[in-house]
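K.L.:
Let me give you the structure first, and then I'll get to my questions.
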Amino acid sequence: MERITIQAYRRERTGKGAARSLRRKGELPAVIYRAGISEPIKVPGKEFLKLLKKTRGENILVNLQFPEGNRLAVIKDYQIDPVTGELLHTDFQEVLLTEKIRVKVKVITTGTPKGVKEQGGILQHGLREIEIEALPDRIPGHIEVDVSSLSVGQSIHVSDLKLEEGIKVLTEPEEVIATVTAPVVEETAPQAPEVTEPEVIKKGKKEETEAEEEGKK
């Protein structure tokens, strides 16, 4: 897993007011936790934003560089204001290279299925991420799945993934990663038969017209 260093500092004040004050100064409120114990910290907002843009949601090891020493962590979560898009907060989980951790890893499909190119099928995506357990330095940034060999009606399941030794998959093996379905055939609605006026009615109208003409004579 890639490792990136970022400055970090402890913070004394907590709460919404203190968090807003930090963000105005360009600092991002955060916490780092381990074994159920969390500590309030802060990191430079711009540096963390660059980190997010660079990784694009992939797993990385973050080397938090405190004045008193470094601590290794992974990003567990972060919050963004849905209206302004401003970063609000982030959570770090401290890790040790000798201890396994559980994380979710993105699944990316590559290639164009045979069933799409040759049979007109449709590629349907299932899971976009799976949960694994491994030592921090063995965790992949993402998992690539080649779907080129899939024909219509075929699927790739979690159980089909081939991962490196030391990585344990926690997601249920029968979960679908990708499948190719048959093309949708649009049914043409049957046309309603043309309704014609019965001959007897037409005949009756003709007789009425002839009777009217006789009456005028």
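K.L.:
Looking at segment 121-140, is at least one residue free of Cβ contacts under 8 Å to residues at least 40 places away in the same chain, surrounded by 14 or more Cβ atoms within 10 Å (Cβ to Cβ) and touching an Asp or Glu at 6+ places or on another chain (Cβ under 9 Å)?
P.N.:
Filtering segment 121-140 down to residues free of Cβ contacts under 8 Å to residues at least 40 places away in the same chain leaves 128-129, 132-135.
Filter once more, keeping what is surrounded by 14 or more Cβ atoms within 10 Å (Cβ to Cβ): 129, 132-135.
Right, trim to touching an Asp or Glu at 6+ places or on another chain (Cβ under 9 Å) and you get 134-135.
Scanning segment 121-140, I find at least one residue that is free of Cβ contacts under 8 Å to residues at least 40 places away in the same chain, surrounded by 14 or more Cβ atoms within 10 Å (Cβ to Cβ) and touching an Asp or Glu at 6+ places or on another chain (Cβ under 9 Å), so the answer is yes.
K.L.:
Checking the conditions here, which among V180, V185, V145 is at pLDDT 85 or above, more than 30 Å from A73 (Cα to Cα), of a type in the set (V, I, T) and not in a helix (DSSP H, G or I)?
P.N.:
On the way: V185 fails: at pLDDT 85 or above; V145 fails: more than 30 Å from A73 (Cα to Cα).
Step by step, each of V180, V185, V145 is checked, and only V180 is at pLDDT 85 or above, more than 30 Å from A73 (Cα to Cα), of a type in the set (V, I, T) and not in a helix (DSSP H, G or I).
K.L.:
Exactly one of these conditions fails for I156: (1) surrounded by 10 or more Cβ atoms within 10 Å (Cβ to Cβ); (2) at pLDDT 95 or above; (3) within 30 Å of E99 (Cβ to Cβ). Give me its number.
P.N.:
Among (1) surrounded by 10 or more Cβ atoms within 10 Å (Cβ to Cβ); (2) at pLDDT 95 or above; (3) within 30 Å of E99 (Cβ to Cβ), I156 violates only (3).
K.L.:
For segment 90-124, what are the residues that are out of contact with any strand residue (DSSP E or B) (no Cβ under 6 Å at 6 or more places or on another chain) and within 21 Å of L170 (Cβ to Cβ)?
P.N.:
Within segment 90-124, the subset out of contact with any strand residue (DSSP E or B) (no Cβ under 6 Å at 6 or more places or on another chain) is 96-99, 101, 103, 112, 114, 117-120.
Within segment 90-124, L96, L97, T98, E99, I101, V103 meet the criteria.
K.L.:
Can you go through I32, I37 and tell me which one is closer than 15 Å to R10 by Cα and touching a residue at least 40 places away in the same chain (Cβ under 8 Å)?
P.N.:
Values: I37 fails: touching a residue at least 40 places away in the same chain (Cβ under 8 Å).
I32 is the lone residue from the list that is closer than 15 Å to R10 by Cα and touching a residue at least 40 places away in the same chain (Cβ under 8 Å).
K.L.:
So L150 clears everything in (1) outside the structural domain of P40 (by TED's automatic domain parsing); (2) part of a strand (DSSP E or B); (3) of a type in the set (A, V, I, L, M, F, W, C) except one condition, right? Which one?
P.N.:
It fails just one condition, (2).
K.L.:
Shifting gears a bit: Name, by its number, the condition in (1) of a type in the set (K, R); (2) closer than 24 Å to V105 by Cβ; (3) touching a strand residue (DSSP E or B) at 6+ places or on another chain (Cβ under 7 Å) that does not hold for K42.
P.N.:
All conditions pass for K42, except number (2).
K.L.:
Do we find a residue being of a type in the set (S, T, N, Q), loosely packed, with under 15 Cβ neighbours inside 10 Å and free of Cβ contacts under 8 Å to residues at least 24 places away in the same chain anywhere in segment 91-111?
P.N.:
First, pick out the residues of segment 91-111 that are of a type in the set (S, T, N, Q): 93, 98, 109-110.
Narrowing the set further to residues that are loosely packed, with under 15 Cβ neighbours inside 10 Å leaves 98, 110.
Among the residues that remain, those that are also free of Cβ contacts under 8 Å to residues at least 24 places away in the same chain are: none.
No, the conditions are met nowhere in segment 91-111.
K.L.:
May I ask you to say which residue of L51, L64, L87 is in contact (Cβ under 8 Å) with a residue 24 or more places away in the chain, over 21 Å from the mean Cα position of the chain (by Cα), closer than 29 Å to V107 by Cβ and crowded, with 17+ Cβ neighbours inside 10 Å?
P.N.:
Numbers: L51 fails: over 21 Å from the mean Cα position of the chain (by Cα); L87 fails: over 21 Å from the mean Cα position of the chain (by Cα).
The unique qualifying residue is L64.
Condition check ((1) assigned by TED's automatic domain parsing to the domain that holds G166; (2) part of a loop (DSSP other than H, G, I, E, B); (3) within 19 Å of G141 (Cβ to Cβ)) across all residues:
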position	(1), (2), (3)
L28	no, no, no
Y33	no, no, no
P40	no, no, no
N59	no, yes, yes
Y78	no, no, yes
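K.L.:
Looking only at segment 143-157, how many residues end up being hydrophobic (A, V, I, L, M, F, W, C) and either over 19 Å from P173 (Cα atoms) or under 17 Å from the mean Cα position of the chain (by Cα) (or both)? Spell out how you get there, then give the answer.
P.N.:
Filtering segment 143-157 down to residues hydrophobic (A, V, I, L, M, F, W, C) leaves 143, 145, 147, 150, 152, 156.
Next, from what is left, pick out any that are either over 19 Å from P173 (Cα atoms) or under 17 Å from the mean Cα position of the chain (by Cα) (or both): 143, 145, 152.
Total satisfying the criteria: 3.
The values are calculated or read from the model by the stated rules, or taken from the named source; none is laboratory data. Because the structure is predicted, anything quoted here is derived from the model rather than measured. A quick note on method: Cβ atoms are made from the backbone with ideal geometry, for glycine too, and the neighbour counts reach across all protein chains shown.
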